[in-house]
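What follows draws every value from the coordinates through simple rules; no lab data is involved. In this text, all values refer to a predicted model and were calculated from it rather than measured experimentally. We place every Cβ from the backbone using ideal geometry, glycine too, and count neighbours over all the protein chains shown.
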Amino acid sequence: MVLSVTDLAVARGGLPVLERVSFALLPGEALVLRGPNGIGKTTLLRTVAGLQPPLAGRIDTAEGAVAYGAHADGLKAVLSVEENLRFWAAIHGGADIGPALAAYDLNALRQRSAQNLSAGQKRRLGLARLLVTGRPVWALDEPTVSLDTASVALFAEAVRAHLAAGGAALIATHVDLGFPARELDLAPMRAAAGTGDAFGADFDEAFG
Amino acid sequence: MIRLFLRDVKLSVRAGGGFGLGLAFFLIVTVLVPFGVGPQSDILRAIAPGILWVGALLSCLLSLDRIFQLDYEDGSLDLLATAPIPLEAVALVKAAAHWVATGLPLVLAAPVLGVLLNLDPRGFGWLLASLAVGTPALSMIGAFGAALTVGLKRGGLLLSLLVLPLYVPTLIFGAETVRRGAGGLATDTPLLLLAAITLGTLALLPFAAAAALRVNLR
């Protein structure tokens with residue numbers, strides 16, 4: 001078990017959005033989160049990544065096991081593809097960036113600065129970052145946005161290799177990714193309206 | 001941590017970075033003041049320590065909002081927060097990078113600009129020393145203010161209002177060191193107090209900044 005979530009409730013802006021979320025990820029397993037816009041997929045992923053505390057429930061995972069891939073890729077416009085990737089590799093312990101560049105077909109763009117990349121190329125670089133973190137659990141938020149079909153195939157291949165190596169992936173997406181994965185529909189876990197106290201959490205935060 | 005520091009310094013000196021912005025502002029202030037005050041060199045000599053310190057402080061203020069805002073906007077801050085380095089270290093390293101890009105050039109340029117303000121020759125060494133000791137506190141306090149306002153659109157005004165009162169002790173003791181030095185008096189007390197403020201901010205504010213960042217990233 002690399003990640004286990006039990007009876008989790010998460011809040012966005014002080015309002016509960018999801019509750020009673022439970023799932024577990026075994027090594028080599030991918031879980032796709034489905035649900036309409038605004039259901040709380042991003043909030044759930046940020047909570048799992050440790051960026052915000054859960055409202056209730058538990059997340060059991062090893063310290064520093066989760067690599068978070070957000071909507072924004074965290075790229076610096078004036079740095080080259082290689083410099084961007086090398087920085088994140090160094091922060092995460094100095095992994096070799098060669099395989100990551102190769103996996104997303106970025107070798108030809110090594111010296112190009114990130115501001116001159118297309119949206120899809122930026123996304124590929126952002127996804128390549130996951131490979132240099134060396135972390136077992138990927139929490140990905142809409143990873144295929146602005147990718148063409150060839151790049152989606154590269155991504156599917158990278159996830160397959162990650163799973164084969166004993167990793168796990170938690171992916172929020174609306175599209176078919178082209179590899180077998182369990183699906184979790186979040187719609188039944190929507191927090192009941194009116195149960196939330198819009199001020200409670202924020203007031204504790206400010207004055208507690 | 002070293003890599004984060006090098007990246008931030010590199011970003012600030014590349015096109016569009018904040019390097020030179022503070023320095024140019026400092027230059028403008030110190031060049032314009034003699035025109036505004038008039039050509040009486042004894043008046044200039046009397047106000048030089050204060051003007052130089054106020055100029056350095058305002059120049060520092062100019063680039064504070066960039067410390068965390070740029071990383072927040074492009075998503076790097078989320079990724080740094082989940083990276084295997086503590087957020088306290090991120091805050092300290094980013095303040096250090098801000099000091100190298102903004103404070104250090106001010107320290108090195110100040111003696112040259114002191115000439116324009118007719119600073120007493122005895123004061124030059126103390127100007128250099130007080131700025132070198134005091135400006136790290138400006139960067140660290142600024143990083144704390146930037147961490148507090150990181151999620152806000154147009155947070156620059158709020159940032160200035162939050163940070164300026166905290167800058168006052170540094171300004172008082174910094175300018176006092178130069179004034180006493182230029183007048184040939186003992187400077188131990190204000191310089192030691194200035195050093196104490198800097199060491200205190202470096203010891204405490206990384207934790208406060210990290211706590212503010214954690215709240216703002218939710």
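A few comments on the model shown:
- Estimated distance in nm for a label pair at residue B:13 and residue B:41, the labels positioned 7 Å out from Cα along Cα-to-Cβ: 3.7
- Using the Cα coordinates of the protein assembly as shown, the gyration tensor eigenvalues translate into equivalent-ellipsoid semi-axes of 49, 24, 17 Å, sorted from longest to shortest.
- Rg to Rh, two decimals, where the stretch B:1-59 supplies the alpha carbon set and Rh follows Kirkwood: 1.21
- Per-residue mean of C-beta atoms belonging to partner chains within 10 Å, peptide A:124-135: 1
- Rough spin-label spacing in nm, given labels placed 7 Å along Cα→Cβ, for residue A:23 and residue A:118: 3.1
- Residues of type aspartates and glutamates that residue B:94 reaches as a straight line, Cα spacing below 18 Å, ignoring anything fewer than 8 places off in the same chain: B:8, B:65, B:71, B:73, B:74, B:78
- Mean per-residue shielding of peptide B:207-215 is 1, counting Cβ atoms of other chains within 10 Å of each Cβ.
- Approximating the spin labels as points 7 Å out from Cα along Cα→Cβ, the residue B:168-to-residue A:161 distance works out to 6.0 nm.
- Residues in the stretch B:71-88 reached by a label modelled at residue B:207 [backbone nitrogen below 16 Å; 7 Å Cα→Cβ]: B:86-88
- Temperature 4 °C, viscosity 1.567 mPa s: under these conditions the Stokes-Einstein estimate for the stretch B:78-172, based on its Kirkwood radius over C-alpha pairs, is 86 µm² per second.
- Shape descriptor for chain B: Rg over Rh equals 1.00 (Cα atoms; Rh from the Kirkwood inverse mean 1/r).
- Ratio of the Cα radius of gyration of chain A to 2.2 N^0.38 Å, where N counts its residues: 1.06
- Axial C-alpha extent at least 18 Å, average Kyte-Doolittle at least 0.5 - helices from chain A (DSSP): A:149-164
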